[in-house]
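Contents: one structure, followed by commentary.
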Amino acid sequence: FVLILSALLSTATIAQTMSAPLTRKSDHVDTYHGTKIADPYRWLEDDNSEETKAWVKAQNIVTDKYLASLPQREPVKKLYKELFNFEKFGIPFKEGGRYFYTRNDGLQQQAVLYMVKSLNDAPTVALDPNSLSTDGTVATTGTVATTGTVVSRDGKYLAYGIASGGSDWQEWKVRDLATGKDLPDLIKWVKFSSAEWTPDGLGFFYSSYDAPKDGETLTGANYFQKLYYHRLGNDQTRDLLVYENKQQKEWGFGASVTDDGKNLLINVWKGSGRKNGLLWLPLKDGGYAPSTITPITLEFDAEYTAVGASGNTLWIKTDLDAPKGRVIAIDLTAPERKNWKTVIAARNETLAGASAVGGHLFAQYLKDAAAEVREHGSDGKFLRVVALPGVGTASGFGGRFDAEETFFSYQSLTTPGEIYRYDVKSGKSTVFKRPKTAFNASEFETRQVFVTSKDGTKLPIFIAHKKGVKLDGNNPTILYGYGGFNVSETPTYRVTAAVWMQMGGIYVTTCLRGGGEYGAAWHDAGTKLKKQNVFDDFIASAEWLIANKYTSPAKLAINGGSNGGLLVGAVLNQRPELFAAAVPQVGVMDMLRFHKFTIGWAWVPDYGSSDNADEFKALQAYSPLHNVQRGKPYPPTLIMTADHDDRVVPAHSFKYTAEMQDAAIATALQRGGSTAGPILARIETQAGHGAGTPTSKTINERGDLLAFVANALKLEVK
């Protein structure tokens, strides 16, 4: 008893010294394919329990106290606010004879949607999310955000989605743009869906789930999505069911109406993988009536993304028999696969997107992760390369097939998003909006280099910093990565990176396998049983930066969010001595149970599942929660999540935090009380996975991230 009491007292003393709250352990054990796996913090999965709420409060008290003590905190937040304060514009679109675009004046909590007859006219507010709330009061904190805005083709109505507190759950409303007042229409329990108007403007399509059970709103699994048609003026209970599949609980549906208004296309997705199905049904007189739904493909053997249509011709972007992508034409009068024709053939570059605008086809490629846009005729004949301002990221090129213009955004690591108008006939671009920022891009430089991974694979990384930096191994550096779900890590402007570079640091982004930078094969090489490739790529990037004197282990921090949070957690376990700080954000940390919550099951195409014996072994081998080391000090680690994250539920970060803190205490006991740094959890309230986060929360959150890293890397900020 004396020895046990002594050990408990020592543990409590160490925990107090480390400012780490002790977390209760249970004796919960699961068995996977004959292997017993302890899950002592299972109780933290219950976000509604008083014990979990008390744990969150205790963690935040400790973290807030630590962050408040950092001399870098206030100057970093001041600088972040200064660099965040610039106009941010969305890409314009045209409907009903008016242009619509979003603008944030700099520090508004949420961007405002404007409408204008001519691009030279003064804009009128169509929707200001900053005045919205779900309880009838003004949303002064900006926690109510729009998730989508869709204007009817006649320009009379705006369907818009809102989400509260960062949740993925949406409600959709309808606004009369002439009066600025909302109609009584209200659509609830929408998730992973937009709205799509019928051409007659009398209603729209949307996808939703059944209402969740009590207490499971933010954690319950989402299955059996259904596609509906809502007619204006009707209660949601009267909406027409367009399509469902009672035998396929994982199927989800996205609706789009062709520009001529004659056909409804239904994208059928299951999980987060590239492969999908495609259905279509005819629309009559610009409206919807139940009709025969015809499959174009339900093989789920490739990607099939609708690009546009003209008459009976439907253009599709696909990686079928083309791992880097091509565009094919399908005749809807003879949609059988044997009749499909290639319109834009595959190239060495990856086809990241395509659109049909102004009678032309625009193909958006990635050339070593940087944008290249090529314009083609509707028959596929190459016309020209669209001139871009530099090596960076371009997005947009949307619009109607009969339009004369389109718009696109361009940005780079040192250039905030600029909006351009593009004349389709002449191929000329003119600036529509160019924001002014306190960040002076001329003082900085970006370079792309190629790193060799463990198995010999070469991958690009982008390095940005102030001009004239000395390669002496002493530069504070943040290495950022994602590496999953076919997401391409292209050079984009991040205020976080700009602030870090302004502070004197180096910011590095990596293009890891699992992403989409080099097509289907590149993505597949970072999934399921090959997921370790992603971590090897990230580690190789860190080692290259060290070997080439950009930085050193004492000056290197790693950061990533969501799947990137998993990346940071896994790499931190495998090579803790390589880094001086780590910040995993909203990470997927429990790889054995991720598929049990909300939309987690949809990630199985990328991760695999612990329900499968072979995949269980692979997941167990790198799961951040299950590979925390004892006896070897971890660097200072700030684990960031949010209480309304119903994409990657916060239980992932809760359990990982408890495990990391327990390991740190055990390590300190073994080493006589010494530890490398604090293990802290920063748990944001009234926030979710990231989308729609109000400006004030973003500044505070990212400011704390950079202050924590700066302190760990011994970077002074004035």
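Computed quantities for the displayed model
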| read-out | value |
| --- | --- |
| Positions within the stretch 44-55 being under 16 Å from Thr657 (Cα atoms), surrounded by fewer than 20 Cβ atoms within 10 Å (Cβ to Cβ) and not polar (S, T, N, Q), in sequence order | Asp46, Glu51, Lys53, Ala54 |
| Qualifying residue in the stretch 304-324 (condition: in contact with a Lys or Arg (Cβ under 6 Å, 6 or more places away or on another chain) and assigned to a loop (DSSP other than H, G, I, E, B)) | no |
| Candidate set from the stretch 153-170 (those that are among the polar types (S, T, N, Q) and in a strand (DSSP E or B)); member that is most open to solvent (accessible area, probe 1.4 Å) | Ser164 |
| Failed item in (1) assigned to a helix (DSSP H, G or I); (2) open to solvent by 10 Å² or more (accessible area, probe 1.4 Å), with Thr490 passing the rest | (1) |
| Any hit, the stretch 568-576, residues being of a type in the set (S, T, N, Q) and either crowded, with 23+ Cβ neighbours inside 10 Å or within 24 Å of Met660 (Cα to Cα) (or both) | yes |
| Hits in the stretch 171-182 - residues which are open to solvent by 20 Å² or more (accessible area, probe 1.4 Å) and either closer than 16 Å to Pro129 by Cα or aromatic (Phe, Trp, Tyr) (or both) | Glu171, Lys173, Arg175, Asp176, Gly180, Lys181, Asp182 |
| Conditions (1) in contact with a Cys (Cβ under 6 Å, 6 or more places away or on another chain); (2) surrounded by fewer than 20 Cβ atoms within 10 Å (Cβ to Cβ): number failed by Leu281 | (1) |
| Pairs with Cβ under 6 Å, 6+ apart, first in the stretch 35-64 and within 16 Å of Asp645 (Cα to Cα) and hydroxyl-bearing (Ser, Thr, Tyr), second part of a helix (DSSP H, G or I) and open to solvent by less than 80 Å² (accessible area, probe 1.4 Å) | Thr52/Leu44 |
| Residue match in the stretch 540-551 (condition: in a helix (DSSP H, G or I) and closer than 29 Å to Pro650 by Cβ) | yes |
| Residue that is nearest to Trp43 (Cα to Cα) [pool: residues in the stretch 195-225 that are among the aromatic types (Phe, Trp, Tyr) and assigned to a loop (DSSP other than H, G, I, E, B)] | Tyr223 |
| Filtered residues of the stretch 679-694 (kept if surrounded by fewer than 21 Cβ atoms within 10 Å (Cβ to Cβ) and modelled with pLDDT of 80 or more) | Thr685 |
| Of all residues making up the stretch 452-477, the number that are farther than 12 Å from Ser541 by Cβ, touching a residue at least 40 places away in the same chain (Cβ under 8 Å) and assigned to a strand (DSSP E or B) | 2 |
| Residue satisfying condition, being over 26 Å from the mean Cα position of the chain (by Cα) and assigned to a strand (DSSP E or B), within set Val449, Val431 | Val431 |
| Residue list for the stretch 149-174, restricted to those being small (Gly, Ala, Ser) and closer than 17 Å to Tyr101 by Cα | Ser152, Gly155, Ala159, Gly161 |
| Residues (β-branched (Val, Ile, Thr) and within 26 Å of the chain's Cα centre (by Cα)) located in the stretch 384-412 | Val391, Thr393, Thr406 |
| Residue that is modelled with the lowest pLDDT [pool: residues in the stretch 124-152 that are over 26 Å from the mean Cα position of the chain (by Cα) and either farther than 15 Å from Leu232 by Cβ or open to solvent by 50 Å² or more (accessible area, probe 1.4 Å) (or both)] | Gly136 |
| Residue count, the stretch 6-40 (criterion: surrounded by 14 or more Cβ atoms within 10 Å (Cβ to Cβ), at pLDDT 95 or above and among the aliphatic types (A, V, I, L, M)) | 1 |
| Test: residue in the stretch 614-628 that is at pLDDT 95 or above, touching a Leu at 6+ places or on another chain (Cβ under 7 Å), among the hydroxyl-bearing types (Ser, Thr, Tyr) and within 29 Å of Asn700 (Cβ to Cβ) | no |
| The stretch 141-194: number of residues that are in contact with a strand residue (DSSP E or B) (Cβ under 7 Å, 6 or more places away or on another chain), over 30 Å from Phe401 (Cβ atoms) and among the β-branched types (Val, Ile, Thr) | 3 |
| Residue count, the stretch 206-231 (criterion: in contact with a Leu (Cβ under 8 Å, 6 or more places away or on another chain) and surrounded by fewer than 16 Cβ atoms within 10 Å (Cβ to Cβ)) | 1 |
| Test set (1) open to solvent by less than 50 Å² (accessible area, probe 1.4 Å); (2) under 28 Å from the mean Cα position of the chain (by Cα) - Val242 fails condition number | (2) |
| Test for Tyr482: is it of a type in the set (Phe, Trp, Tyr), open to solvent by less than 50 Å² (accessible area, probe 1.4 Å) and in a strand (DSSP E or B) | no |
| Checking Ile599 against (1) over 25 Å from Gly252 (Cβ atoms); (2) at pLDDT below 95, the condition it does not meet | (1) |
| Subset of the stretch 323-362 [under 22 Å from Glu299 (Cβ atoms) and out of contact with any strand residue (DSSP E or B) (no Cβ under 8 Å at 6 or more places or on another chain)] | Pro323, Thr333, Ala334, Glu336, Lys338 |
| Counted residues, the stretch 579-606 - those being aliphatic (A, V, I, L, M), part of a helix (DSSP H, G or I) and open to solvent by 10 Å² or more (accessible area, probe 1.4 Å) | 1 |
| Output for the stretch 272-294, where each listed residue is part of a loop (DSSP other than H, G, I, E, B) and in contact (Cβ under 8 Å) with a residue 12 or more places away in the chain | Ser272, Gly273, Arg274, Lys275, Leu283, Asp285, Gly286, Tyr288, Pro290, Ile293 |
| Hits in the stretch 78-110 - residues which are open to solvent by less than 40 Å² (accessible area, probe 1.4 Å), farther than 18 Å from Ser395 by Cα and among the hydrophobic types (A, V, I, L, M, F, W, C) | Leu79, Leu83, Phe84, Phe86 |
| Candidate set from the stretch 183-205 (those that are on the phi > 0 side of the Ramachandran plot and hydrophobic (A, V, I, L, M, F, W, C)); member that is least open to solvent (accessible area, probe 1.4 Å) | Phe192 |
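Here is a yes/no grid of residues against (1) closer than 25 Å to Ala651 by Cα; (2) not aliphatic (A, V, I, L, M):
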residue: Thr63; (1), (2): yes, yes
residue: Tyr66; (1), (2): yes, yes
residue: Arg73; (1), (2): no, yes
residue: Val76; (1), (2): no, no
residue: Ile91; (1), (2): no, no
residue: Gly97; (1), (2): no, yes
residue: Gln110; (1), (2): no, yes
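The values are calculated or read from the model by the stated rules, or taken from the named source; none is laboratory data. Please read all numbers here as calculations on a predicted model, not as lab measurements. All Cβ positions, even for glycine, are placed from backbone atoms using ideal geometry, and neighbour counts span all protein chains on display. The area values use the complete protein model at the heavy-atom level, side chains included, leaving out ligands, DNA and RNA. Shrake-Rupley method; radii C 1.70, N 1.55, O 1.52, S 1.80 Å.
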